[in-house]
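What follows draws every value from the coordinates through simple rules; no lab data is involved. Predicted, not measured: the structure shown is a model, and the values here were computed from it. Neighbour counts run over all protein chains shown; Cβ positions are idealised from the backbone, glycine included.
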Amino acid sequence: MKQFLLLDLQRLILEVVQSSLQNSIITYDLIQHRGLIMWLDSLLLTDTVADDASQVVSVITTMWDTLYAHMQKKRESKEKDDEEAMEKLEKEVEMMEAEDDDKTVPTDKLKKQPSKVSSRKPIWNLLPMQQQVIAPWIMCELMQLMVNLWRVLYEAEPNYATFNEYARVLCAIASHIHESKMIIQAAQEKDLKSVRFITPPGMLTVKLMREFVEVSSRFVSNLPDLKDHLAVLESSKKHSLACPKELSRNWERRHSYMRELMDQEETNVSTRYDVHRLLSLAECGV
């Protein structure tokens, strides 16, 4: 009985969180100051999360869609009001943290403390408005959360709706990580004095992609293009320097040709192409 009550409470909390994530300011506050991604990651360690794995996917989907929509508005220079609200919120949080620190430090030592020097802005905040990206540290945490969530989904054997949604979001997150890497590298080449940004090691491992292709075979036709693409990834000793979009397009054309040649229907084309894009991104070291 206690376990059922805890499960219902967990579902209710996830529903409330998902509803809150539709607002970009609340979303950033929950991530930056409330440890939202870490909390979701901790849920994956519980025994009850397998029953709610699809709901966790929905929560992450809402979070990602809100973050991406906010970034797109920033690129179109339509987010001035939201930016001012975010800055105000961050200042209020810093003031509250400073007050808490002051209470724990004796008064005689407080006077001796040097005033804090304003920290330098990260390089991704110095990019032109049209090249704004979501903070890479958020993307890395989000990507790690998705990888950890896959372990739960793989064991629970997801249905088509959950797998399709997960594949779309994972593909979008991985694509933005690669895009951010390219934009930041180009900015560093123009300004060698800027802060160096070291990209994290690839998270789309061969093992993960192997499992992904295996599960996708339940939902797409049995044409061999996905297995052929996986074989290319498994045999690659170095990361490809090609554009992952172009790599994906080549495999999509190959699938289209195979389908016409064998006169075979494909009902889940978008899912198949998302898997190809993930394989391409894995080839490029994401």
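Which whole-Hz couplings ³J(HN,Hα) result when phi for each residue of segment 169-175 is put into the Karplus expression 6.51 cos²θ - 1.76 cosθ + 1.60, θ = phi - 60°, listed in order with x for Gly and Pro?
5, 4, 4, 5, 5, 4, 5
Quick one: which residues, 5+ away or cross-chain, put their amide H under 5 Å from the amide H of ASN268? H built at 1.01 Å from N.
Under 5 Å from the amide H of ASN268: SER221.
Taking the convex hull of the alpha carbon atoms in segment 206-286, what volume per residue do you get, in Å³? Please report the intermediate quantities before stating the final value.
Values: hull volume 6.3 nm³, N = 81.
Considering the Cα atoms of segment 206-286, their hull volume per residue is 78 Å³.
So between ASN23 and ASP8, what do we pick up on full extension, going 0.36 nm a residue minus the alpha carbon distance? Before the final figure, lay out the partial values.
Numbers: separation 15, 0.36 × 15 = 5.40 nm, distance 2.46 nm.
Net length gain for the segment: 2.9 nm.
Please give the Cα centre distance for segment 1-77 versus segment 252-286, rounded to the nearest Å.
Cα centroid of segment 1-77 versus Cα centroid of segment 252-286: 30 Å apart.
What FRET efficiency comes out for GLU76 versus LYS245 if R0 is 25 angstrom and r is the Cβ-Cβ distance? Round to the nearest 0.05.
On the way: r = 22 Å, r/R0 = 0.86.
Efficiency at R0 = 25 Å is approximately 0.70.
Highest mean first, what order results for 273-282, 68-77 on Cβ atoms within 10 Å? Working shown, then result.
Values: 273-282: 25.0, 68-77: 14.9.
Peptide ranking by packing, descending: 273-282, 68-77.
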